[in-house]
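Here the structure is laid out as C-alpha cells; the discussion comes afterwards.
The values are calculated or read from the model by the stated rules, or taken from the named source; none is laboratory data. Just so it is clear, the structure is predicted and the values come from calculations on it, not from any experiment. Don't worry about glycine lacking a Cβ; one is built from the backbone with ideal geometry, like all the others, and counts go over all protein chains shown.
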Amino acid sequence: MRKALPCPCRVLLGLALALPAPWAAAADAAPVVHVDAGTLSGIHDAQAGLDEFKGIPYAAPPVGALRWKPPQPAAAWTGVRAADRFGPRCMQRPLYGDMVFRSNGMSEDCLYLNVWTPAHHAKGKLPVLVYFYGGSMLAGDGSEPRYDGASLAQRGIVTVTVNYRLDVFGLLALPALAAESPQHAAGNYSLLDMTAALRWVRNNIAAFGGDPAQVTIGGESAGSMAVSALVASPLSKGLMQRAIGESGGLLGNLKPEPFARAEQRGEDFMRKVGARSLSDLRAMPAADLLKALGNSDSDSFNPTIDGYFLPRSPGAIYAAGEQAHIPLLVGSNSQEGYYANLLDKQPPTPANYRAAVEKMFGAAHVDEALKLYPGNDEAEVKASGTALSGDQFIAFSTWRWMDWQHRTGRAPVYYYYFEQPRPAKRDGSAGPGTGAVHSGEIEYALGNLDGNRVYAWTATDRRVSATMEGYWANFIKTGDPNGAGLPHWPAVAAKDGGLLRQAIGADTHGFVDRKAARYEFLQRFESDAHL
C-alpha cells in the first residue's frame, strides 16, 4: 500500500499542478525520450529553453574482443537511463594544450554522443547538425566547451557531438585484422564510428525533434577531414544532406595511406609492444598501448584506403563524381601556419627563406615556388612563409576538397576565408593576434565565445561570431548560408581569373580568390613526389 505524502509535499505538489505549464515544466523532472535501445532522461535548462542529453551510447563499448572491430549496436537497457553527464572521452595522449574536457574521465568505453535540442519542439521537424571534433584523430572530445551545442540549439537546430576512437585504437591496420574481417578491411575504425553515429541519428533523432532527412555533418581539422571522407564513402551516402568543413580535407597532401603501408605501420607497432599475436595485442591494457606511443605525434596512425569505408582514394572518388552530391560550406583561416615554423626559428631573411623553400621542394622546384610565395624582404618572407606553412599544413587539402566538390559535386559550394584574430588574453600574457590561427574559428562559428575564458572577447569578436554563426545556422537549415541581416555570400563561381570566396572577420565581404596557382603547384609537387 502506498503511503500518503507528508503534508508539505502534498502542498508543493498541488502548487506545481496549479501553476501555468511553463513553470511546471521548469520544475519538472528531466525530459524523457525513447530511442531504439531504451528510454533516456536528460537535463532541462529552463533559462535557455533547451533539453540536453549527454553520454548517450550509440554503439557497444569497443573493448576486449571488440577492440579494432567495426562498431557494434549498443545493448538495450531496461528502465530509464540517465543521460545527464558526458560520457568518458576516448583513450588519448595529452598532446594538445588547448583542449578543455568536461567528460567523465577517459576510457576505451567511449562511443557516446550528446544532443542539445529546443525544449518545445515539433517532433521530427528541426534541422540537425552532427559535429566531429578536431585533434589530428589523436585527441579531442565531444564535451569540449568550444563544441557545445546550446547556442545553435537556441537557433532551432538539434545539435549533436560525437566521440569516436582515436590514435592506435581508431586507426590500427594489421594483416590479422583484415583476415578476420568479412570485408577484408582494417583500420578506419574512427570513420566507421562516425558512420555508426550517423546511422543512430537517422534512426533516433526524430525523438529529439530532429528531421533525419535534414542532417548536416560538420567538423574542424581532423573532424573536417573526416567529413570529406564521409562525403566520399559509399557507407555514409544518404545519411547527410549537407556538409561543413572547417580547415581540412582527406585529399592532396593529407590523403590517406595505402593499405599495405598502414599494415606495415601496424606490424611495426606490434613488434614495439612485444605482442606476438592479435590476441596478445587485444589483451594488453589500453594504458600500456598509449604509453608505448610516447608523447610525440610524429609517428601516428592515419586513415587508409581499406577497400571498405574507402574503396578508392577520396581524390579518385571526387574526381569521378562518385561522392555525395550535397551542398558544401568549407574554408580555412588566414594563419593556419606561421613563418617561424617554416624557418625553424631562423631569422626571416631572404637567404634563410630560400634555403627553407629549397629544402621543402628541392632545387628543381625552388624557383617556381618562390614566384608563388616570394620572399624578397623581411615583410614578404613573413607573409609568404606564413602562407606557405599554412597551405602545406592544411589549407591546400581544404582547397583540393573545395575544388573537386565544385567541379564534380553538382551542388552549391560556399568557400570562406576566416581572418579574425583572437583578442588579447585575459591574464595579459599575450596581446591580440595578427591572423586567425588554426582552430581559431570554432568558438565564433558555433557561438561559444563565452565558453573560452582564456581570451578577452571584444564587441567586434561578438559581432563576427553573430555573423559567422548566422551563416552556419542558415546553411544547416537550408543549404545556403545567406539570410536577413548578413553580408551576401556568393556560391563558388569563376570570376575575373579566380573564384568567388567570402572573407569572414571584422569586415565580412565577398572577394575573388586567386590562390589556385599556388595550390595547383602544390598538387603537381605532391604528385611528382609520389610517383
| message | Please go through segment 320-345 and give me each residue that is β-branched (Val, Ile, Thr) and either in a loop (DSSP other than H, G, I, E, B) or surrounded by fewer than 21 Cβ atoms within 10 Å (Cβ to Cβ) (or both), ordered by number. | response | ILE326
| Does SER439 satisfy being assigned to a loop (DSSP other than H, G, I, E, B) and at positive phi? | yes
| message | I'm checking my understanding of the structure. Among residues of segment 257-280 that are without any contact (Cβ under 8 Å) to a residue 60 or more places away in the chain and touching a helix residue (DSSP H, G or I) at 6+ places or on another chain (Cβ under 7 Å), which one is surrounded by the fewest Cβ atoms within 10 Å (Cβ to Cβ)? | response | LYS272
| Given GLY440, GLY479, GLY498, GLY510, which one is surrounded by 19 or more Cβ atoms within 10 Å (Cβ to Cβ), modelled with pLDDT of 95 or more and within 30 Å of ALA369 (Cα to Cα)? | GLY440
| request: Output the residues belonging to segment 421-463 that are under 19 Å from ARG155 (Cβ atoms) and under 21 Å from the mean Cα position of the chain (by Cα). | output: GLU441, ILE442, GLU443, TYR444, ALA445, LEU446, GLY447, ASN448, LEU449, ASP450, GLY451
| note | Picking from PRO88, PRO31, the residue that is over 30 Å from SER277 (Cβ atoms), at pLDDT 95 or above, in contact with an Asp or Glu (Cβ under 7 Å, 6 or more places away or on another chain) and not small (Gly, Ala, Ser) would be PRO31
| Checking HIS184 against (1) buried (at least 16 other Cβ atoms within 10 Å of the Cβ); (2) on the phi > 0 side of the Ramachandran plot, which test does it fail? | (1)
| message | Can you find, within segment 360-374, the residue that is farthest from GLY385 (Cα to Cα) among those that are buried (at least 17 other Cβ atoms within 10 Å of the Cβ) and not hydrophobic (A, V, I, L, M, F, W, C)? | response | HIS365
| note | Listed by first then second residue, the pairs whose first member lies in segment 360-373 and is of a type outside the set (A, V, I, L, M), whose partner is surrounded by 17 or more Cβ atoms within 10 Å (Cβ to Cβ) and at pLDDT below 95, with beta carbons under 8 Å and at least 6 positions apart or on separate chains, are PHE361/PHE525; HIS365/PHE525
| Filter pass, ALA48 being buried (at least 16 other Cβ atoms within 10 Å of the Cβ) and in a loop (DSSP other than H, G, I, E, B) | no
| Taking ALA122, is it touching a residue at least 60 places away in the same chain (Cβ under 8 Å), surrounded by fewer than 24 Cβ atoms within 10 Å (Cβ to Cβ) and in a loop (DSSP other than H, G, I, E, B)? | yes
| message | Exactly one condition in (1) surrounded by fewer than 20 Cβ atoms within 10 Å (Cβ to Cβ); (2) in a helix (DSSP H, G or I) is false for PRO432; which is it? | response | (2)
